């Protein structure tokens with residue numbers, strides 16, 4: 001019984017996941033690193049340092065996770081042990097991450113102006129108070145300003161308007 | 001020695017007063033001041049956005065501008081703290097404690113006026129320190145072999161990750177992660193590819209700008225979106241007339257200002273303790289030696305000028321190890337070093353002699369820039385205050401565009417735009433897990449040089465790892481590392497937190513600015 005409650009407690013602890021993530025990352029780095037030539041200490045190969053870093057990261061991950069199990073340990077981080085914030089903003093997060101994707105797609109196939117508009121438009125939709133009108137106005141203003149700054153003034157080599165210009 | 005420094009400074013003013021350099025310096029401090037005022041934009045994100053634009057510029061102009069953003073933001077951040085009680089830039093969090101009560105009493109203008117003055121004094125002291133200390137440090141550092149450089153970097157990395165915010169062990173983990181990310185791409189010595197997974201775009205390694213903008217731009221926007229409280233502009237009517245302090249205020253502010261300056265300059269000498277810690281220590285010290293400590297938090301001018309002077313003195317002092325040793329103290333400095341490296345300039349002790357125009361030009365531009373900032377802040381206070389009202393819903397989508405176009409312009413390649421989104425998502429996950437991403441940048445920038453020097457040291461010593469403790473200078477650095485780790489473990493076992501910040505954060509927490517603002521502080525990595 002006691003074991004199961006402590007197990008449940010453990011799963012609710014953020015530092016446990018933090019340590020676990022570091023452990024996995026370290027494991028991945030070390031395993032991949034060991035496929036490169038390690039060499040000797042005197043003549044180090046490309047795999048030496050990354051593998052060592054991976055192992056170190058694994059150890060740190062274990063230490064972080066272990067510290068979260070120690071009694072009274074994790075509370076010193078302000079007690080915030082939840083993985084998600086109080087009000088998860090899934091939609092806003094999605095919009096923010098889609099904004100660069102839109103920039104890539106629209107920028108590549110249609111040019112800088114549509115790319116900019118799409119990028120700002122999609123990002124702005126993430127805000128709770130966003131309205132269609134306000135979002136369109138904002139995206140247009142940024143597009144005009146951004147294109148004149150980056151295309152005319154700073155000469156970033158990207159066509160302003162194109163149609164499937166470059167694949 | 002002094003003569004040499006003064007000649008250098010004279011030369012530096014010549015460089016900094018060249019018309020295009022003075023223009024770039026002005027652009028830098030203007031942009032810096034602006035983003036400092038805007039809640040939700042940090043100097044880190046801004047410098048990374050501006051970084052690609054500097055590729056076409058001469059190195060001197062580029063570094064003057066980027067440096068200007070860094071210290072310009074400190075001036076702006078104070079406005080935000082004093083008038084809005086929003087500690088959106090960590091070094092200024094402690095200024096809220098006495099700054100905002102002063103605003104409520106209608107003395108916000110006085111607080112701002114004296115802050116600008118104290119900032120200038122603090123900065124001037126930091127610059128003076130830089131002028132005289134850097135050549136001394138360089139003299140010592142030129143004796144260093146690869147083993148010494150290696151252990152010095154190790155010390156810098158350890159200090160940067162354990163003394164900064166949050167749990168020390170998590171900080172070390174982030175540094176290790178940063179070192180690893182720095183090793184992605186083609187290995188300099190053997191030419192073999194590491195961790196590229198067949199993507200040719202990764203051959204040159206992860207793009208510094210993409211990493212910085214992902215961690216401090218996108219991750220930060222994800223953290224703040226829909227979480228920023230609407231700004232209360234009730235107290236923000238401040239004009240130039242309100243800024244004039246009375247004689248009594250001046251008298252009371254004089255000594256705290258100098259004490260803050262000294263604390264800040266001492267903090268800047270310890271690697272890893274940036275302006276944030278300096279300002280907290282200064283406030284705590286001032287409170288301790290005050291004859292009426294109970295009055296702190298009710299709007300004492302001492303509680304405003306002391307941390308502000310300390311912040312500025314420490315910001316300028318942070319440039320000392322960065323410029324003279326090539327070891328950055330925090331993420332912003334790492335980014336500036338990265339900017340130099342992109343321009344083809346090798347950081348390290350040889351920088352001052354090889355590129356005197358950069359070093360002395362930068363020092364001279366600090367003074368010019370700080371005078372510009374005083375001039376910008378005093379008469380134009382009304383404009384800055386108006387900028388506070390720009391809502392976040394306009395700010396972050398526009399910033400997203402700058403992020404995208406910035407990473408695109410770095411290589412004219414869409415791949416990096418995708419890279420920045422992936423890094424942003426990863427950075428946000430790290431933030432949620434209680435990691436502070438700043439040490440990643442530190443490790444990333446130092447990583448390749450660390451590996452190079454480590455290899456060289458091992459080659460010279462014929463594979464004997466003991467070389468690090470056998471050479472005396474290196475042994476001192478290794479011993480300092482050991483003391484650092486030992487003290488962290490000791491304080492942890494004793495149950496007390498080793499770093500000073502949580503104690504100071506409790507001070508802030510007691511006053512509790514707005515709940516949302518307080519919530520945002522730990523997540524803002526820009527130091």
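Neighbour counts of other C-beta atoms within 10 Å: give me B:24, B:125, A:90 arranged from fewest to most.
The most exposed by this proxy come first: A:90, B:125, B:24.
From other protein chains only, count the Cβ atoms within 10 Å of every residue's Cβ in B:174-183, then give the mean.
The mean count of partner-chain Cβ atoms within 10 Å per residue comes to 6.
Using the count of nearby Cβ atoms within 10 Å as a rough guide to exposure, how do B:37, B:94 rank from fewest to most?
B:37, B:94
Return the whole-Å distance between the Cα centroid of the range B:402-469 and the Cα centroid of the range B:178-192.
Each part reduced to its Cα centre gives a spacing of 10 Å.
Summarise the partner chain shielding of A:123-131 as one whole number: the mean count of Cβ atoms from other chains within 10 Å of each residue's Cβ.
Mean number of neighbouring Cβ atoms from other chains: 5.
Could you state the angle between the C-alpha long axis of helix B:392-411 and the longest principal axis of the C-alpha atoms of chain B, as a value from 0 to 90 degrees rounded to the nearest 10?
30 degrees
Report the per residue volume, in Å³, of the convex hull enclosing the C-alpha atoms of the protein assembly as shown.
Given the Cα convex hull of the protein assembly as shown, per-residue volume reads 163 Å³.
Can you give the Rg to Rh ratio for the range B:31-163, taking only C-alpha atoms and Rh from Kirkwood?
So for the range B:31-163, dividing Rg by the Kirkwood Rh gives 1.07.
Hey, could you pull the Cα Rg and Dmax for the range B:57-119, both in Å?
14.0, 48
Relative contact order, percent, of chain B when contacts are C-alpha pairs under 8 Å separated by at least 6 residues?
Relative contact order for chain B comes out at 29 percent.
What's the center-to-center distance, using Cα atoms, between the range B:239-275 and the range A:25-50 in Å?
A separation of 49 Å, based on Cα centres.
Cα centroid distance between the range A:118-133 and the range B:336-397, in Å?
Rounded to whole Å, the Cα centres lie 32 Å apart.
Other chains near B:439-452: what is the mean number of their Cβ atoms within 10 Å of each residue's Cβ?
Shielding by partners across B:439-452 averages 1.
Ordered by packing density, taken as the mean number of other Cβ atoms within 10 Å over each peptide's residues, highest first, how do B:260-268, B:212-220, B:58-66, B:8-16 rank?
Top to bottom by mean Cβ count within 10 Å: B:212-220, B:260-268, B:58-66, B:8-16.
Using the C-alpha atoms of the range A:90-153, what convex hull volume per residue, in cubic angstrom, is computed?
Here the figure is 68 Å³ per residue.
Pairing the Cα long axis of helix B:331-342 with the longest principal axis of chain B, what angle in degrees results, from 0 to 90 and rounded to the nearest 10?
Roughly 50 degrees, rounded to the nearest 10.
Ratio of the range B:98-199's C-alpha Rg to 2.2 N^0.38 Å, to two decimals?
Here the Cα radius of gyration is 1.74 times the empirical estimate.
Kindly put B:35, B:403, B:476, B:281 in sequence by how many other C-beta atoms sit within 10 Å of each C-beta, fewest to most.
Going from sparsest to densest Cβ surroundings: B:476, B:281, B:35, B:403.
Helix B:146-162 against the longest principal axis of chain B: what's the angle in degrees, Cα atoms only, rounded to the nearest 10?
So the helix axis and the longest Cα principal axis differ by about 40 degrees.
Using the Kirkwood radius over Cα pairs, work out the Stokes-Einstein diffusion coefficient for the range B:336-469 at 25 °C and 0.890 mPa s, in µm²/s as a whole number.
124 µm²/s
So what is Rg over Rh here for chain B, counting just Cα atoms and using Kirkwood for Rh?
Rounded to two decimals, Rg over Rh is 0.95.
Bear in mind that the values in this text are calculations on the coordinates, not laboratory data. On a predicted model such as this, the values are computed, not experimentally measured, just so you know. When we count neighbours, we look across all protein chains shown, and the Cβ atoms used for this are built from the backbone with ideal geometry, even at glycine.
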